[in-house]
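**Student:** Handing you a structure now.
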Amino acid sequence: KIETAPTFNFPKGDISLVRMRRNDWVRWKDEISLSYMELFQGAKSQITILSSYFLPGRVFRKAIRNARKRGVEITVIVAGISDVKIAKMAERFMYEWLLSNGIKIYEYNRTVLHGKLAICDDEWITLGSFNVNDISTYASVELNLDVKKPEFARELRRHLEQNVINHSTLITDSYRANRTNALKRLLQWSAFATIRTLIYFFTFYFKRIVRTEVKKTD
């Protein structure tokens, strides 16, 4: 089944504040990462994140934990059906950390999920190609738009609740316990360790080689 894209109707002449943000590991751009840090550090009540491959690195995990300590409610929507099995297993290994920090997790189960966006306090959003993981943060070229318009942010969150969360499974400690045995846990840990190792080489080895080459040609 092919679903039509949502439409949002606003009065003619309405103005939204929009900024283009780019992460570019060759040109030393980290604007999208800074948008997410602004979101985590500045949120007052609520953050909703939709991410295809949600594997936040150390810096983002610390920012997420600090937001929760301030009482910010954080909801993360991830793929239940994934086209990259090892990434899904690694992501599920992180569920224990997320749940222990009071973060709500939903797995979308209708199709493969490739959306990437975040909503902050129903005030502004960031959306585009950026996934919350260290590859998008440090070793990729990504493009997002930040849109500050409360009406749009509220409409988008309602759309997620009605059309995504309503077709998702809420992940709880009991849900995990009933569906995870020692072997699955070992496989998830192995996937997580493998992905983290690959990310390390992408972000600290290959990236530095290419940057050196760019400097030589400048």
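The values are calculated or read from the model by the stated rules, or taken from the named source; none is laboratory data. Since we're looking at a predicted model, the values are computed, not measured. Virtual Cβ from ideal backbone geometry, glycine too; neighbours counted across all protein chains shown. Only protein heavy atoms, including side chains, enter the accessible area calculation; ligands, DNA and RNA are left aside. Shrake-Rupley method; radii C 1.70, N 1.55, O 1.52, S 1.80 Å.
**Student:** Which is aromatic (Phe, Trp, Tyr) and open to solvent by 30 Å² or more (accessible area, probe 1.4 Å), of Phe130, Phe152?
**Tutor:** Working: Phe130 fails: open to solvent by 30 Å² or more (accessible area, probe 1.4 Å).
Of Phe130, Phe152, the one residue that is aromatic (Phe, Trp, Tyr) and open to solvent by 30 Å² or more (accessible area, probe 1.4 Å) is Phe152.
**Student:** Right, another one. Considering only segment 96-112, how many residues are under 14 Å from the mean Cα position of the chain (by Cα) and either among the hydrophobic types (A, V, I, L, M, F, W, C) or outside any strand (DSSP E or B) (or both)?
**Tutor:** 3
**Student:** Only helices (runs of 4 or more DSSP H) wholly contained in segment 128-187 count here; list those with 1 or more residues that are closer than 30 Å to Leu17 by Cβ, hydroxyl-bearing (Ser, Thr, Tyr) and under 16 Å from the mean Cα position of the chain (by Cα).
**Tutor:** Working: elements: 134-138, 150-163, 173-179.
Where helices (runs of 4 or more DSSP H) fall fully within segment 128-187 and carry at least 1 residues being closer than 30 Å to Leu17 by Cβ, hydroxyl-bearing (Ser, Thr, Tyr) and under 16 Å from the mean Cα position of the chain (by Cα), they are 134-138.
**Student:** Within segment 133-149, can you find the residues that are crowded, with 20+ Cβ neighbours inside 10 Å and modelled with pLDDT of 95 or more?
**Tutor:** Result: Asn144, Asp146.
**Student:** A follow-up question, please. Among the residues of segment 54-88, which ones are within 22 Å of Leu160 (Cβ to Cβ) and assigned to a loop (DSSP other than H, G, I, E, B)? Explain how you work it out, then say what you get.
**Tutor:** Just the residues of segment 54-88 that are within 22 Å of Leu160 (Cβ to Cβ), to begin with: 54-56, 60, 63-64, 67-68, 71-83, 87-88.
Listed by number, the residues that qualify are Phe54, Pro56, Gly71, Val72, Ser82, Asp83.
The rows are residues; the columns are (1) within 23 Å of His159 (Cβ to Cβ); (2) small (Gly, Ala, Ser); (3) within 15 Å of the chain's Cα centre (by Cα).
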| position | (1), (2), (3) |
| --- | --- |
| Ile32 | yes, no, yes |
| Ser51 | yes, yes, yes |
| Val59 | no, no, yes |
| Ala63 | no, yes, yes |
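**Student:** From the list Tyr95, Tyr106, exactly one residue is under 23 Å from Ile81 (Cβ atoms) and at pLDDT 95 or above. Which is it?
**Tutor:** On inspection, the qualifying residue turns out to be Tyr106.
**Student:** While we're on this one: Can you pull out the residues in segment 20-37 that are under 11 Å from Leu127 (Cα atoms) and part of a strand (DSSP E or B)? Reasoning before the result, please.
**Tutor:** Of the residues in segment 20-37, the ones under 11 Å from Leu127 (Cα atoms) are 20-21, 32, 35-36.
Residues satisfying the conditions are Met20, Arg21.
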